[in-house]
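S.K.: Submitted below is the structure of interest, expressed as structure tokens.
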Amino acid sequence: MENSYLQKLNSAQILPVKDTDGAVLVIAGAGSGKTRVLTSRIAYLISEKGVDPSNILAITFTNKAADEMKVRLEKMIGYVDDMWVSTIHSMCVKILRSSIAHLGFEKNFSIYSEDDKERVLKRIIQEKGLEPEKFLKLCKNHISSAKNSDLSPREYRDENIKMPNIGTIYDVYFEYEQELKRANALDFDDLLIKTLHLFEEQDSVLEYYAKKFRYVHIDEFQDTNTVQYKIAKLLSSYHGNIFAVGDDDQSIYGWRGAKIANILGFERDFKGAKVYKLEQNYRSTKNILNVANLIIKNNGSRKNKVLWTENDGGQKPEYYTAFDENREAEYVATKIKSLISSGKKASDFAVLMRVNALSRSFEQEFLKYNIPYKVFGGFKFFDRKEIKDLTAYLRIVTNPLDNEAILRIINVPRRGIGDKTVEIITRTASEQDLSVYEVILGVDELPLPSGAKSRLKEFKNLLYELILDAQDLKVPDFINKVIEKTAFLSQFEENTEENESKKLNVSELVNSAQEFAKINKDATLTDYLGSITLSSDLDDFDGSNFVSVATVHSVKGLEFDTVFIVGMDETIFPISRANDSVEEYEEERRLMYVAITRAKKDLFITRAKSRFLYGRRSDTIESAFIKEIKPLLYEKKSPYDYQSRDFGYSRERYARGYTKNLQSGNEYGYYSDEPTQNPFSKTKSFSTGYNLQGTAKKQESTTSSGAYRSGVKVNHKKFGIGTVIAVKDGGRVIDVAFSGVGIKSLAVEYAPIEIVK
């Protein structure tokens with residue numbers, strides 16, 4: 001039996017597998033094979049030590065990880081149905097179903113979802129005469145934080161006595177707990193907290209499970225919160241056999257309650273604990289690991305380790321600074337397209353970012369070059385709720401008969417128009433064969449109380465004013481007017497990471513409209529909405545073959561052949577609020593470490609000198625993390641760098657030229673794909689020999705022979721029929737005007753285009 005799985009382990013891995021007595025902590029570096037060690041250890045206990053599977057507990061943190069572990073174990077040792085392999089929440093439900101009567105609940109308790117939780121809280125807040133808009137998310141977040149720290153309403157109040165609104169939070173928390181009890185219900189956090197209380201208050205229950213589980217295994221130990229840690233200690237209190245696997249350098253969930261102190265203090269809390277380190281990496285090249293080691297060694301709160309590998313050295317990670325976020329996305333897209341053309345699959349690539357608000361420019365470039373992609377850690381940009389809500393206002397202005405749009409935002413931001421009112425409006429519209437807008441225009445005829453009529457009239461007047469504004473304002477200015485008149489950002493006032501991301505997304509929409517207006521001088525609001533519809537259209541790609549566009553948080557545990565870490569500007573990565581806390585700043589550095597160690601073969605890191613954020617364009621500063629690793633990076637020089645002496649002009653002169661170009665109607669501005677000897681000229685250009693794709697691949701004969709020239713009609717797979725209006729970079733790049741889409745700069749070698757005969 002040993003030969004079947006133990007021989008697959010290296011010398012460092014086999015030591016903790018065979019160390020079966022007492023407390024054991026395995027510090028498993030990224031890509032070091034921790035899952036193999038964990039499953040091998042369980043197999044060893046059963047096959048070599050004769051432990052009954054029912055006496056083994058294995059806690060994971062996702063259902064997928066639990067299922068994968070079961071599959072592996074079945075292949076290694078066969079029957080494992082009696083073994084408890086699950087997430088900690090699933091384990092707690094199983095325990096509570098049999099023993100929760102001790103806490104005054106029935107075993108058929110309901111489990112409230114987040115939506116259920118919000119509805120209960122909203123009702124409580126309204127009954128107290130408070131505004132849900134102000135207090136719902138506030139109370140919800142604080143209640144979850146309190147439960148994650150095992151604090152009752154009174155304890156949470158006493159610990160935060162000087163916190164603003166703490167009295168209200170206490171009252172709502174207390175009443176919420178009473179409501180759950182009356183409903184015989186638990187929320188998601190309660191599954192943990194009630195199990196902990198059950199163990200602490202009922203010795204017989206704790207004794208049963210502590211004796212039952214001779215061996216307790218916990219994966220991703222660095223992600224445990226206070227309550228989970230206490231449960232783990234109690235479950236292992238009888239036999240003392242706890243096996244924890246994790247990596248303090250990958251602790252990145254502090255914002256949701258995870259305590260890195262749990263893994264760093266393991267030896268203190270479990271006397272006589274043995275610690276093993278897994279430092280051999282099987283995933284990445286030497287050059288990638290050198291960068292990872294260099295960045296993470298700057299953290300003070302960590303257990304020292306250095307990843308190493310027997311893999312090849314590989315290419316030095318490449319660092320590229322673009323002029324702006326559009327050039328950054330273009331660089332990434334053309335690089336991926338060239339590598340796909342050379343034989344790689346789209347699924348080999350990941351584009352990782354700190355906040356998903358940065359994804360829009362990458363999505364648009366991938367669309368332009370027909371690169372299949374999928375967004376993780378958030379929705380596709382134009383599919384995000386706040387973007388759909390805001391663009392619904394634009395749709396109403398261009399077409400007041402759009403019932404779907406008007407119903408979407410009739411109460412966004414909340415303006416006191418209730419479900420009953422909406423029900424009467426829609427029923428009247430159906431009965432009288434009218435649009436919702438027409439029914440609202442006749443609000444005085446509706447069977448509604450005066451208050452509801454007054455609020456509907458305010459909404460009607462708002463729409464009327466916006467329709468008038470749209471006739472006089474350019475598209476970007478009109479969007480800003482909508483944001484202002486509707487008080488759209490008021491719904492994101494609470495200072496949370498989610499709200500900051502939503503505000504960034506709103507500013508990105510304004511940026512999108514500005515970019516569209518620059519190259520489509522006479523474009524209408526209808527034209528812009530048409531471009532949005534095109535950009536948000538889901539492509540019919542094979543789901544197994546796409547570029548992953550993701551936040552770093554959402555790819556932990558995954559790996560990719562080639563990784564792009566983008567948006568490496570100060571205030572973005574690390575995030576700005578981390579500057580006020582050593583703990584948060586070190587978590588940001590761990591997040592960067594996680595991003596780097598997702599890469600197997602190639603790593604690219606990018607940033608932009610200018611970026612549109614918070615409603616305005618600003619120069620950016622290089623991330624401090626780049627400065628820490630720069631000696632190990634190959635810095636790719638951009639031919640668009642306005643500070644380059646090769647171009648013969650200064651940054652200031654270029655900026656003046658860009659402004660002058662826009663004022664004189666030059667639709668290219670600095671977005672033309674090749675610099676010119678005179679930045680004010682549209683026509684005199686020179687070739688730097690630069691290939692957008694970063695390869696030496698020979699240009700197709702149709703391009704070199706001049707097949708693409710001004711006036712030629714082309715068909716793009718996504719944008720349809722367009723007309724070539726400019727040829728640049730020796731024929732490698734063309735500007736094409738597409739009806740309803742605008743002007744697109746396309747790399748001929750990789751864009752999905754063909755000449756229309």
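S.K.: Among the residues that make up segment 214-222, is at least one of them touching a Gly at 6+ places or on another chain (Cβ under 7 Å), surrounded by 20 or more Cβ atoms within 10 Å (Cβ to Cβ) and of a type in the set (S, T, N, Q)? Don't jump to the end; show me each part of the working.
M.R.: Step one: list which residues in segment 214-222 are touching a Gly at 6+ places or on another chain (Cβ under 7 Å), which gives 220-222.
The next check asks that each one be surrounded by 20 or more Cβ atoms within 10 Å (Cβ to Cβ); those that pass are 220-222.
So of that shortlist, the ones also of a type in the set (S, T, N, Q) come out as 222.
Looking for residues that are touching a Gly at 6+ places or on another chain (Cβ under 7 Å), surrounded by 20 or more Cβ atoms within 10 Å (Cβ to Cβ) and of a type in the set (S, T, N, Q), one finds at least one in segment 214-222, hence yes.
S.K.: Further question on the same structure: Got a number for residues in segment 223-239 being of a type in the set (Gly, Ala, Ser) and open to solvent by 20 Å² or more (accessible area, probe 1.4 Å)?
M.R.: Quick first cut of segment 223-239, residues of a type in the set (Gly, Ala, Ser) only: 232, 236-237.
Filter once more, keeping what is open to solvent by 20 Å² or more (accessible area, probe 1.4 Å): 237.
Selection size over segment 223-239: 1.
S.K.: Note down all Cβ pairs under 6 Å where the first residue falls in segment 372-388 and is basic (Lys, Arg) and modelled with pLDDT of 85 or more, the second is open to solvent by 20 Å² or more (accessible area, probe 1.4 Å) and not in a helix (DSSP H, G or I), and they're at least six residues apart or on different chains.
M.R.: LYS374/PHE546
S.K.: Search segment 135-194 for residues being under 23 Å from GLU106 (Cβ atoms) and small (Gly, Ala, Ser), and hand back the single one that is modelled with the lowest pLDDT.
M.R.: Per the criteria, the residue is ALA183.
S.K.: Shifting gears a bit: Return the total of residues in segment 507-532 being touching a Gly at 6+ places or on another chain (Cβ under 8 Å) and either of a type outside the set (Ser, Thr, Tyr) or at pLDDT 85 or above (or both). Can you show your working first?
M.R.: Just the residues of segment 507-532 that are touching a Gly at 6+ places or on another chain (Cβ under 8 Å), to begin with: 507, 510, 516, 518-521, 523, 527, 530-531.
Add one more test, that the residue is either of a type outside the set (Ser, Thr, Tyr) or at pLDDT 85 or above (or both), and what stays is 507, 510, 516, 518-521, 523, 527, 530.
Here the count works out to 10.
S.K.: Of (1) assigned to a helix (DSSP H, G or I); (2) open to solvent by 30 Å² or more (accessible area, probe 1.4 Å), LEU509 satisfies all except one. Which?
M.R.: That leaves (2) as the condition not met.
S.K.: Name the one entry in SER342, SER361, SER347, SER338 that is closer than 21 Å to PHE560 by Cα, open to solvent by less than 30 Å² (accessible area, probe 1.4 Å) and either in contact (Cβ under 8 Å) with a residue 24 or more places away in the chain or among the charged types (D, E, K, R) (or both).
M.R.: Values: SER342 fails: open to solvent by less than 30 Å² (accessible area, probe 1.4 Å); SER361 fails: closer than 21 Å to PHE560 by Cα; SER347 fails: open to solvent by less than 30 Å² (accessible area, probe 1.4 Å).
The match here is SER338.
S.K.: Turning to a different aspect of this structure: Taking the criterion of being without any contact (Cβ under 8 Å) to a residue 12 or more places away in the chain and either of a type in the set (Asp, Glu) or over 27 Å from ALA599 (Cβ atoms) (or both), would at least one residue in segment 22-44 satisfy it?
M.R.: Applying the first criterion (without any contact (Cβ under 8 Å) to a residue 12 or more places away in the chain) to segment 22-44 yields none.
Looking through segment 22-44, none of the residues is without any contact (Cβ under 8 Å) to a residue 12 or more places away in the chain and either of a type in the set (Asp, Glu) or over 27 Å from ALA599 (Cβ atoms) (or both).
S.K.: Ok, one more. Starting from segment 69-95, keep only residues that are touching a residue at least 40 places away in the same chain (Cβ under 8 Å), then list their pairs with residues that are open to solvent by 50 Å² or more (accessible area, probe 1.4 Å) and among the small types (Gly, Ala, Ser) whose Cβ atoms are within a distance under 8 Å, requiring at least 6 positions of separation or different chains.
M.R.: MET76/SER4
S.K.: Suppose we filter segment 193-215 for residues that are aliphatic (A, V, I, L, M) and in contact with a His (Cβ under 7 Å, 6 or more places away or on another chain); how many remain? Working first, answer last.
M.R.: Filtering segment 193-215 down to residues aliphatic (A, V, I, L, M) leaves 193, 196, 198, 205-206, 210.
Subsequent filtering for residues that are in contact with a His (Cβ under 7 Å, 6 or more places away or on another chain) retains 198, 205.
Number of matching residues: 2.
S.K.: Scan the helices (runs of 4 or more DSSP H) fully inside segment 3-95 and keep the ones with 3 or more residues being out of contact with any helix residue (DSSP H, G or I) (no Cβ under 8 Å at 6 or more places or on another chain) and more than 21 Å from VAL275 (Cβ to Cβ).
M.R.: Details: elements: 11-18, 34-47, 63-77.
Passing ranges, in order: 63-77.
S.K.: Does any residue of segment 702-717 turn out to be β-branched (Val, Ile, Thr), at pLDDT 80 or above, out of contact with any His (no Cβ under 7 Å at 6 or more places or on another chain) and in a strand (DSSP E or B)? First the steps, then the outcome.
M.R.: Keep residues of segment 702-717 that are β-branched (Val, Ile, Thr), which gives 702-703, 712, 714.
In the following step, the residues that additionally are at pLDDT 80 or above were identified as 712, 714.
This time we only want the ones that are out of contact with any His (no Cβ under 7 Å at 6 or more places or on another chain), so: 712, 714.
Going one step further and asking which of them are in a strand (DSSP E or B), we end up with 714.
Yes, that holds for at least one residue.
S.K.: Out of GLU583, GLU588, which single residue is open to solvent by 30 Å² or more (accessible area, probe 1.4 Å) and either in a loop (DSSP other than H, G, I, E, B) or under 14 Å from ASN299 (Cβ atoms) (or both)?
M.R.: Working: GLU588 fails: open to solvent by 30 Å² or more (accessible area, probe 1.4 Å).
Going through GLU583, GLU588 in turn, just one is open to solvent by 30 Å² or more (accessible area, probe 1.4 Å) and either in a loop (DSSP other than H, G, I, E, B) or under 14 Å from ASN299 (Cβ atoms) (or both): GLU583.
S.K.: Can you find, within segment 600-620, the residue that is surrounded by the fewest Cβ atoms within 10 Å (Cβ to Cβ) among those that are within 18 Å of the chain's Cα centre (by Cα) and either at pLDDT below 95 or within 28 Å of ASP223 (Cα to Cα) (or both)?
M.R.: The qualifying residue surrounded by the fewest Cβ atoms within 10 Å (Cβ to Cβ) is LEU613.
S.K.: Only residues that are assigned to a helix (DSSP H, G or I) and hydroxyl-bearing (Ser, Thr, Tyr): list them for segment 491-502, please.
M.R.: SER501
The values are calculated or read from the model by the stated rules, or taken from the named source; none is laboratory data. Keep in mind that what you see is a predicted model, and the values were worked out from it rather than measured. Here the Cβ is made from the backbone with ideal geometry for all residues, glycine too, and neighbour counts use every protein chain on show. The area values use the complete protein model at the heavy-atom level, side chains included, leaving out ligands, DNA and RNA. Shrake-Rupley method; radii C 1.70, N 1.55, O 1.52, S 1.80 Å.
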